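A short write-up of the structure that comes next.
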Amino acid sequence: MNVELSRRSLLKVAGAGVAATSVTAMGFGEAEAAVAAHVRPFKLVNTTETRNTCTYCSVACGVILYSRGDVRKGEHAELLHVEGDADHPTNLGTLCPKGAALKDFVKSETRLRYPMLRRPGSDRFERISWDQALDRIARLMKDDRDANFIARNQAGVTVNRWTTTGMLAASATTNETAWTTFKVAKTLGIVGFDNQARV
Amino acid sequence: MTNSWTDIRNTDLVVVMGGNAAEAHPCGFKWVTEAKAHRGAKLIVVDPRFTRTASVADYYAPIRQGSDIAFLLGVINYCIQNDRVQWEYTKAFTNASFIVKEGFSYSDGLFSGYDEEKRDYDRTSWDYEMGEDGFARVDETLQHPRCVWNLLKQHVSVFTPEMVQRICGTPQDKFLHVAQMISECSTPTKTMTSMYALGWTQHSHGSQNIRAMAMLQLILGNIGVRGGGMNALRGHSNIQGLTDMGLMSHLLTGYLNMPTEAETDYATYMKSRQFKPLRPGQTSYWQNYPKFMVSFQKAMWGEAATAENDWCYDYLSKLDVPSYDILRMFELMNQGRVNGYICQGFNPLMAFPDRGKSTSALSKLKFLVTMDPLETETSRFWENHGEYNDVNPASIRTEVIQLPTSCFAEDEGSLTNSGRWLQWFWPAATPPGEARNDVWIMSQIFLRMRELYRKEGGAFPDPIFNLSWQYEDPNQPTPEELAKEINGRALVDLTDPADPSKVLVQAGKQVVNFSQLRDDGSTMSGCWIYSGCFNEAGNNMARRGTEDPDGVGVYPNWTFAWPLNRRTLYNRASADLQGKPWDPSRKLLEWNGTQWTGYDVPDIAPTARPDQVMPFIMNQEGSSRLFTRGMMRDGPFPAHMEPFESPVPNVLNPRMRGNPVARIFESDVARFGNSEEFPFAATSYRLTEHFHYWTKHNRVNAALQPEFFVEISHELAAMRGITGGGWVRVWSKRGSVKAKAVVTRRIQPLHCDGGRVVHVVGIPIHWGFTGAARKGFNANTLSPFVGDANIETPGFKAFLVNIEPTTPPGVVS
Amino acid sequence: MNQNRMSQNTIPDGSAQPSDAVHSGPPVTVNRYGPLQRLNHWITATSLILLALSGLALFTPALFFLTGLFGGGQNTRLLHPWIGVVLFVSFFIFFFQLWRANLPERTDVVWVKRIGDVVAGHEERLPELGKYNAGQKFIFWGMTGLILVLIASGILIWDQYFGEATPIDVRRVAVLVHSIAAVLIICIFILHVYAAFWTRGTLSAMTRGTVTGGWAWRHHRKWLRQLVGRRRIDPAK
Amino acid sequence: MSGTMAEQPRTAVSNPPVRALAANFGPQDLLRRSATSSLPAPQRQLTAVAKLIDVSKCIGCKACQSACVEWNDTNPAIGVNTGVYENPHDLTEDMFTLMRFSEWVNPETNNLEWLIRKDGCMHCADPGCLKACPAPGAIVQYTNGIVDFIHDNCIGCGYCVKGCPFNIPRISRADHRAYKCTLCSDRVAVGQGPACAKACPTQAIVFGTKEDMTRHAQERITDLKSRGFANAGLYDPPGVGGTHVMYVLHHADQPGIYSGLPENPRISPLVETWKGMTKYVGLAVMGFAAVGSLMHGIFGRANRVSREDEENAEKLVEGRPVPPPDSEERPG
């Protein structure tokens, strides 16, 4: 992340609701070791901060993700905590009940981990490899496209429609993902192409 | 949103109608509380339910779901009757003075040209009278009987407070109180903002709900000004982006659109899009359409797109219907005419209307591919979950492939928020197991198909072979590569037309923004409206400048807003014909005699004279439209239309059911219920504790709102012998659900036409059969399969149900 | 003479229990408590002491150190209510054996009136007494009442199991009542123990289970006469 | 009016630190310590802090609950719907704060008002929990007003629950220790506001010095009065010496309508008696009893059985004539 976060201490900022005089009175600037049995040690110490955007609604609140490890250094990283980005003009660090619990979305027990296949008539999913999954998808799609692609209409006009396979694009993916998806879907001639804008 | 979230702080009056901002967008709603605290702004909520937003409102008025147009036209009528109109704005910046053709009429709730057979209008009479000079005729004095203003005046005249009460069930005194508060904003120094969402869009007449408020905002002079505007609170984090990027059946990127069968070649296609100005000296910015279109085609097919082959115009699919939207696709699916479906992070089984139909449709597929970070009901639609998903897996032949994707915390890229800000974000965590990001997955599908076509050949492979795929690692294009492609670059040196010796942009360099795009194939740009997001200055979406000159709420250096980093659309309308701000204390732009200056990027040519060039540059008129000509299928003015399932007949025309031109499929007509069998008016909605069907997977939100429930009034509860916390069965013509009952004073019976009492049943969505929360039934088991006449948004907000006490799921009564 | 005869023929009611018996000496010994009764008594006594200690530890910070005896505050909090249950059960097994012998009689009134002589040890100035004197009866019934109060109030503030079921203001009353009752029962306990020591020869009743004839003659003569009388009729005894 | 108003206190003006920081207060700043008589007087007086909850700005979104759970890593159970919006249905050891909803029809306007109050520890200046606590150092009060539980010292007796005038603390079924809002002492100690206040979307919850929070409250009250809430006011109950969590109420004259917010909370007289009179009198009585009997034992003459008693017993058993009792002697 290329942006330095503001490091103003709550009680030192004008408008933070605290008179400047109180700052030292509250012990700021005076270093005393925290006693474990007393004030709990601050849990974000030595975590990696990352600027991100809440994945839910389109207020698009700024969030800061605190993790152990740094993916940008190629390390394995575990998300520890999520908090609103105080620098963000819209949410000023605040978050709604969903945003405040983003960590539990990321770490949900029902997160998917492996490609799965459900065979016709089966009552369960079975794990498959990415190659199996992707080759299968490519095959299914090509066969359907080849079988049902409408190159020309009755009038002989080139229409290039593929109506028998549809696609719904995700609403929480990035514009860059959207562009990739758009290119692939429109190139194949998928006209049954839509997104969540309506729901 | 025409304005930004942070701009709401500048308002004097917030009207939340057709939405529930506090509940659905709490952090955006912060700016309403800011306006209240610091400007003394007032908040009005008009809703069938006393919502969380209403709990902090200064005034609340109840309304029957689906009757918003009558209410809004009533307010417009009130403003006209009481001369509460921002006249200077209305005369100069709207088409009030335009004269409409002879033959246009409106009676019995229908406009001229209705064909009951086709369920469609012949819209030729809905247009301006054209003068010999090729421009539309106007009457600045607004005296002409057929000028838009007089037609509007007449159109709204029936919506008296009495009529509003008959239709909406809103007590007259409450309606008048609201109308009076709103009308005060007609002075140039008072602005009102409209915050709406799915409460307006999800009706068979959704677009007209919004038109009605937009018209009101225009005659009050509230569009383009600080603290004003029409603010659509988009639902998903990047749904604005996906719409901008054109991930829809009838769209290309940047609101360019797909050709139809009638547009047999590029020239024909372009003819109907290069709009000429309808008034002298106006901008009509869409005249630049070819520049954006050609640059788009070059972005798609690079070298292959040439002037000779009309920039690969034929690679584009040509539509035989207005659009293959989700409703049409599921209808076709249910008819067995769709074989494959790919759900990229989406849960149609839960999110689409008439779940029974969705299940049957999905069961007819050959294959279904789902891409999602989480389990979805859709990917497990074939799995039996007792009463919650009563299907027989053995009889469902659909092959399902479920792909695990990364989520926001593991991704990088930009999201476009409701205020059109493109905000770049960075990854913080490693995806679980083998989860991969969507770009990789889509690339793999494409590359593997392309490989198959190379090996085996097949149906029209040209676009596939020629699709521009110039990435360092074709298997995994990087977000930067893609963003740069979206922004666009020069393919050859771009020289200054005035002085060919001067190179503006060198070949291969990023264009600074869409003003540099050209229609001769010398530039490419994936999405013109985003152009400027990633130019030679770098990734502007990653900017995090927090400065906000004079605290106006513009934040010009925070990320990037489309178009051209403009934060408030139509912002030139914030100043009068001399270029002076309507409200000096709320200056956004000002004409300094030679050009526009101010806080925001002008939404007009910087040197366009205020007295000559009107603010609405995207319109051929140069002004905004109170009368939309033939642009909307269901009328140039909003007309009162009932939902297809309504507890009361249409007061204006009892024979008229729903939206007279809304598309309905044969099979669905049979699945509409009537008010005899289903006496209660249901509406579905979201709760603040949850986000769609995602947060039920999250233990914290599941704990905050664990179980599916419905909300009813004490009166209805007494009538049906229902107790709070007890189980009820709610059923519509399409299905039946069981839920806990929340009996509340926040829902009150409405007294409509002829003393008819309408009881409202509130049905939150959010529950399903996967995740951490309790298994629950789904609101869309009940909702009807019908969409808006213009953009096919399903009508989730107004339908009919019945209700009775029952036993818990699994217990036989 | 006649008197003697008579007194030897009619047996006075000293509320003796079946297990009580007298054995000719010298020295004469009298069975006062059977083995089970003694076990019962000591279980009750022990739990009462443990309860007092753990209770006091939580009653005032000054005595919090007593929690050390139970392996810390958490254990003290955990054990105290369970010991209470033991006390309750054990005491009431005891109660049902002794309650009859502790029913008040006319002589108790005299005993109370002459409490001065009691404390001074002038028992010759008191009427002949049955198995228990008024003081012992007072302790018996006092314990009974207070234990009932303590168990009831104790359950109300046993948060781990009954906390949520009990309204907060009820719990507040209960905790007050519990502590007052505890203070009283501890006082009675002290009185009981003291009396047992002060009245020499008493302890053996709860240790060996027997007292000397002299002890019985001095403190519970009517009870002794009853036992002797029984013996006449049934020499086997 | 915007001109005259001071900028609203914003708890979330800063992002949390990630480098190690020394806590700004600790054991040396204790004003009170449960079950401890000999507490050294604090060397310095920290400025009193306070959390202000403006009920009139609260939209009941439960972000505070969510943020609280996340910051404190608690694990609230997934319950059921019982016909109300409260979830969970009461404060628990895993939910330190709870939105309480009440639907109230204002008799004056006949309009419905949905009164939503964030319940939780009030951080009383005179903390009943601390007064009731028997475990030395299990509950502490810092000179900045924060009342905190030191779980290592907690014995789980639940006296704090009874002592609290607001019925706030809860005992964990899992580790048998008492839990409640700590006012995020760990955050305050590094210059951050409480997690709930930072999250609160409408900033209905703000945090700062008590002085500034009181001033801010006055501005809010002025605004509310201008909107027709004549009885708007600040809830800072004197009965408990004032609190470090305060409410702005639109109907300050009747706190009871906000899901039973106590009219005039004070430590229950029962608790006062229990922790006061009973303790002292009780100890005195028991002491007196013990000492008294001991004295009597030492100085008083023990009640011994005489030789004569034994002989009389033997005579009685053998049926030999026994000297008639004194009582029979006297009349003759």
- Query: Restricting the count to DSSP beta bridges whose residues both fall in the protein assembly as shown, what percent are antiparallel, rounded to a multiple of 5?
  - Reply: 65 percent
- In nanometres, what is the gap between the two model label sites at B:Ser515 and B:Arg609, each 7 Å from Cα along Cα-to-Cβ? 2.1 nm
- Message: I'd like the distance between the alpha-carbon centres of segment D:62-97 and segment B:14-41, rounded to an integer number of Å.
- Response: 25 Å
- Among D:Val281, D:Val271, D:Val18, residue whose mean-square fluctuation peaks in a GNM of chain D (springs only between Cα atoms under 10 Å): D:Val18
- Message: Taking R0 as 22 Å, what FRET efficiency do you get between B:Glu184 and B:Gln578 from their Cβ-Cβ distance, rounded to the nearest 0.05?
- Response: 0.35
- Task: Could you please state, rounded to a whole Å, how far the C-alpha centre of segment C:28-44 is from the C-alpha centre of segment B:550-621?
- Result: 103 Å
- Message: Let's test the formula: R0 of 41 Å, r as the Cβ-Cβ distance of D:Leu39 and D:Asn106. What FRET efficiency results, to the nearest 0.05?
- Response: 0.30
- Dipole-positive endmost among B:His692, B:Met641, B:Tyr196 within the protein assembly as shown (Cβ charges, Cα centre): B:His692
- Exercise: per-residue mean of other protein chain Cβ atoms within 10 Å, D:33-46: 2
- Item | Residue with peak Gaussian network fluctuation, chain C [Cα springs, cutoff 10 Å], from C:Gln37, C:Gln74, C:Gln97 | C:Gln74
- Query: Of all DSSP beta bridges in chain B, what percent run antiparallel (nearest 5)?
  - Reply: 55 percent
- Go through B:95-108, D:175-188 and give me the packing order, highest mean Cβ count within 10 Å leading. D:175-188, B:95-108
- From a point 7 Å beyond the Cα of B:Asp83 in the direction of its Cβ, which residues of segment B:157-185 have a backbone N at a distance under 16 Å? B:184
- Structure-based [θ]222 nm, chain B - -39500 (n - 2.57) summed over DSSP H runs of at least 4, per residue, nearest 500: -6500 deg cm²/dmol
- Task: Mind checking C:22-28 for the average number of partner chain beta-carbons within 10 Å of each residue's beta-carbon?
- Result: 5
- Report, in deg cm²/dmol and to the nearest 500, the calculated mean residue ellipticity at 222 nm for chain D, where each DSSP H run with n ≥ 4 adds -39500 (n - 2.57) and the sum is divided by the residue count. -7500 deg cm²/dmol
- Task: Out of all DSSP beta bridges with both ends in segment B:666-805, state the antiparallel percent to the nearest 5.
- Result: 65 percent
- Query: For the peptides B:699-705, B:516-522, what is the packing order when you average, over each peptide's residues, the other Cβ atoms within 10 Å and list the highest mean first?
  - Reply: B:699-705, B:516-522
- Message: Take B:Ser272 and B:Asp473, extend 7 Å from each Cα along the Cα→Cβ direction, and tell me the distance between the two endpoints in nm.
- Response: 4.4 nm
- Query: If you place +1 on the Cβ of every Lys and Arg, -1 on the Cβ of every Asp and Glu, and leave all else neutral, what size is the dipole of segment A:33-106 about its Cα centre, to the nearest 20 Debye?
  - Reply: 120 debye
- Task: Set the Förster radius R0 to 30 Å, insert the Cβ-Cβ distance between C:Leu36 and C:Arg200 as r into 1/(1 + (r/R0)^6), and round the FRET efficiency to 0.05.
- Result: 0.70
- Task: Specify which residue in the list D:Phe288, D:Val305, D:Met277 is farthest towards the positive end of the charge dipole of segment D:276-329, using unit charges on the beta carbon of Lys, Arg (+1) and Asp, Glu (-1), about the Cα centre.
- Result: D:Met277
- Query: Which of the peptides B:498-509, B:119-130, B:781-792, B:706-717 is most tightly packed, and how do the rest follow, going by the mean number of other Cβ atoms within 10 Å of each residue?
  - Reply: B:781-792, B:706-717, B:119-130, B:498-509
- How far, in nm, would the chain grow between A:Lys107 and A:Asp131 when pulled straight, counting 0.36 nm per residue and subtracting the alpha carbon separation? 6.1 nm
- Debye, to nearest 20: dipole size of the protein assembly as shown, +1 on Lys, Arg Cβ, -1 on Asp, Glu Cβ: 4900 debye
- So which residue, out of C:Ser54, C:Ser19, C:Ser204, gets the largest mean-square fluctuation from a GNM of chain C using Cα contacts under 10 Å as springs? C:Ser19
- Positive minus negative residues near B:Gln282 (Lys, Arg vs Asp, Glu; Cβ under 10 Å): +1
- Mean other chain Cβ within 10 Å across A:119-131 is 5
- Query: What dipole magnitude, in Debye to the nearest 20, does segment B:608-696 give about its Cα centre under +1 on Lys/Arg Cβ and -1 on Asp/Glu Cβ?
  - Reply: 300 debye
- Task: Could I have the simple spin-label model distance between B:Asp265 and B:Asn592, label points 7 Å from Cα toward Cβ, reported in nm to one decimal?
- Result: 5.0 nm
- Message: Rounded to whole Å, give me the distance from the Cα center of segment B:202-229 to that of segment D:176-203.
- Response: 42 Å
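Where a number appears in this text, it was derived from the coordinates with a stated rule and is not lab data. Computed from a predicted model, the values in this text were never measured in an experiment. Here the Cβ is made from the backbone with ideal geometry for all residues, glycine too, and neighbour counts use every protein chain on show.
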